[in-house]
Amino acid sequence: MECSSCSSRSSSSSLLLPARPSSFRVPHSLVPSKLRPSKSKLHQRLSVTRACGQDRNDSVDGFSILPSKLFSQEAIGAEYGEGFETFRQDGPMKVDVDFLNERLQEGFLKRIRYAMKPDEAYGLIFSWDNVVTDTRTMKMKIWKQLASEEGKEIPEDEHVQRLMLYAGADHVLRKVLLWELSESELERLKSRLSQLYVDHLVKLRKPIGGLREWLDAVSRSGIPCAVVSSLDRISMVEALDRLELKKYFQAVVSEEDGMESIAHRFLSAAVKLDRKPSKCVVFEDDPRGVTAAHNCTMMAVALIGVHPAYELVQADLTVASYNDLSVINLRRLFANKGSTFMDMEKQSIEKSPPKRKLSIDTIF
């Protein structure tokens with residue numbers, strides 16, 4: 001039986017989720033091997049099932065249903081207008097940056113409302129790691145616990161530990177820690193990392209310093225907010241509830257949305273907030289996230305943390321904490337930009353008046 005949260009989808013959310021499989025299931029052993037779904041498709045189906053509150057076990061039919069992108073380095077995405085493809089009843093539809101900027105234009109009534117309350121025209125998108133809550137310490141504890149379980153040690157070198165915080169698990173295990181692993185062992189350790197992340201997630205009780213006060217300020221101004229993560233939706237909502245931040249976010253982009261890159265998540269959040277990408281501000285702590293935001297024609301505010309300030313210079317605004325921000329900063333970000341701030345500016349050259357021709361008239 002399908003849960004009510006999945007049956008009552010808004011039009012924006014339905015654009016982002018692929019068609020859900022039928023509730024009728026044939027036993028896996030009776031399905032011919034050629035017709036069996038691939039592991040990735042089965043994983044996606046199980047994630048949707050888990051979002052509806054079913055199958056809360058760690059695995060089903062031998063496939064893990066843990067978040068698969070927690071320790072992976074995702075593509076930036078949206079280069080040169082690249083978007084993502086979603087499915088509707090009338091067929092597949094390509095969603096890209098230009099399409100959303102044009103499709104999500106404000107109507108007449110919204111333009112009047114935004115003229116009176118300009119702050120409401122913006123949308124704020126927050127990444128989860130080190131932007132909503134400090135996961136650096138948690139990730140380091142996870143790596144040390146994994147090393148202890150495998151009878152190994154984590155180097156104390158600061159550069160190595162910094163790489164472990166934002167590089168993909170494949171790169172860390174093979175190139176940074178130099179562990180000799182087979183493909184099966186690598187998959188086992190990546191699954192274990194995800195399991196440890198979910199286990200440690202329930203221990204988080206505090207958001208990033210100053211975030212709650214900042215969200216209070218933007219909430220009073222009527223600015224909608226979204227949070228994006230590679231976590232599954234249930235874990236995400238439960239974590240926000242424990243941090244007492246759930247009421248501030250009108251949209252959540254999680255693993256169930258099936259986005260393949262960082263930029264796709266930002267675009268998905270813009271759709272859920274009903275805001276044009278060019279009117280959204282992304283809060284990130286990673287240069288890759290800043291690049292993804294700019295590829296989506298979004299503004300980017302970078303928080304100094306894992307990456308020092310000199311690595312975040314491409315951001316539109318760099319701050320040490322949320323205490324340095326005010327709503328007026330958002331207005332200044334968009335000042336003199338307009339909806340086409342990524343377009344090339346054309347220099348207007350005034351035409352000089354034509355020169356008068358002098359002539360000498362002779363009277364005979």
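Structural remarks
- Any hit, the range 232-249, residues being surrounded by 15 or more Cβ atoms within 10 Å (Cβ to Cβ), touching a Gly at 6+ places or on another chain (Cβ under 7 Å) and outside any helix (DSSP H, G or I): no
Per-residue answers, yes or no, for (1) modelled with pLDDT under 85; (2) surrounded by 12 or more Cβ atoms within 10 Å (Cβ to Cβ); (3) assigned by TED's automatic domain parsing to the domain that holds SER321:
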site	(1), (2), (3)
PRO92	yes, no, yes
VAL95	yes, yes, yes
LEU100	yes, yes, yes
GLN105	yes, no, yes
PHE126	no, yes, yes
LEU146	no, yes, no
LYS152	no, no, no
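- Tally of residues being exposed (fewer than 14 other Cβ atoms within 10 Å of the Cβ) and either touching a residue at least 40 places away in the same chain (Cβ under 8 Å) or among the hydrophobic types (A, V, I, L, M, F, W, C) (or both) across the range 204-216: 3
- Taken as a whole, the structure places VAL218 among residues that are within 21 Å of VAL290 (Cβ to Cβ), of a type in the set (Val, Ile, Thr) and not in a loop (DSSP other than H, G, I, E, B).
Residue by residue, here is whether (1) touching a helix residue (DSSP H, G or I) at 6+ places or on another chain (Cβ under 8 Å); (2) at pLDDT 80 or above holds:
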site	(1), (2)
MET298	yes, yes
GLU311	yes, yes
GLN314	yes, yes
SER321	no, yes
MET342	yes, no
LYS346	no, no
LYS351	no, no
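The values are calculated or read from the model by the stated rules, or taken from the named source; none is laboratory data. Values in this document were obtained by computation on a predicted structure and should not be read as measured data. We place every Cβ from the backbone using ideal geometry, glycine too, and count neighbours over all the protein chains shown.
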